[in-house]
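**Q** I have a structure I would like to understand better, so I am pasting it below and will then ask my questions one at a time.
The values are calculated or read from the model by the stated rules, or taken from the named source; none is laboratory data. None of the values given here were measured: they were computed from a predicted structure. Positions of Cβ are generated from backbone atoms using ideal geometry, with glycine treated the same way; all protein chains shown enter the neighbour counts.
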Amino acid sequence: MIRIMSNVVWIVFGGSQMALAYMTAGLAFCITIIGIPFGLQFFKLGVISFWPFGTKLLPVKKKDNRKVLHFVCNVIWMISFGLVIALGHLFWALLFGITILGIPFALQHIKLAKIALMPFGRDFDLKE
């Protein structure tokens, strides 16, 4: 019940706008064939940013035969926009972390910063 209430507060105070921005960026990148992998990562960030409480990030699978591809895509992602997105989430985490009531929201921004830095090869689970 607390997760649901926290997610509702998150959605009302900025989570829905953040998710909408990520989804819009995902649609824009999916227009081109080359941008589809990056668009899918924006969709991943959009889902997690819409419902962050109760979402668990899963580690990278060790027996994945696409490790080199994920590494190359993560480097391109980090150089182009991943670092800026992660720094934005860390900025909001610092602002939310000032108050005691904002600490749970700061922790969610830290979680979003982790996945925004290197999203390729990462997955998430909506049941924590």
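**Q** So which residues in the range 18-39 are assigned to a helix (DSSP H, G or I) and either among the aromatic types (F, W, Y) or over 18 Å from A86 (Cβ atoms) (or both), if there are any at all?
**A** Result: L20, Y22, M23, T24, L27, A28, F29, I36, P37, F38, G39.
Per-residue answers, yes or no, for (1) more than 15 Å from L45 (Cα to Cα); (2) assigned to a helix (DSSP H, G or I); (3) out of contact with any Pro (no Cβ under 6 Å at 6 or more places or on another chain); (4) of a type in the set (F, W, Y):
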position	(1), (2), (3), (4)
S80	yes, yes, yes, no
V84	no, yes, yes, no
L87	no, yes, yes, no
A106	yes, yes, yes, no
P119	no, no, yes, no
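**Q** Could you grab me the full set of residues in the range 78-128 that are surrounded by 20 or more Cβ atoms within 10 Å (Cβ to Cβ) and of a type in the set (V, I, T)?
**A** Of everything in the range 78-128, those that are surrounded by 20 or more Cβ atoms within 10 Å (Cβ to Cβ) and of a type in the set (V, I, T) turn out to be I85, I115.
**Q** Now for a separate question. Sort through L57, L40 and tell me the only one that's of a type outside the set (S, T, Y) and modelled with pLDDT of 85 or more.
**A** It is L40.
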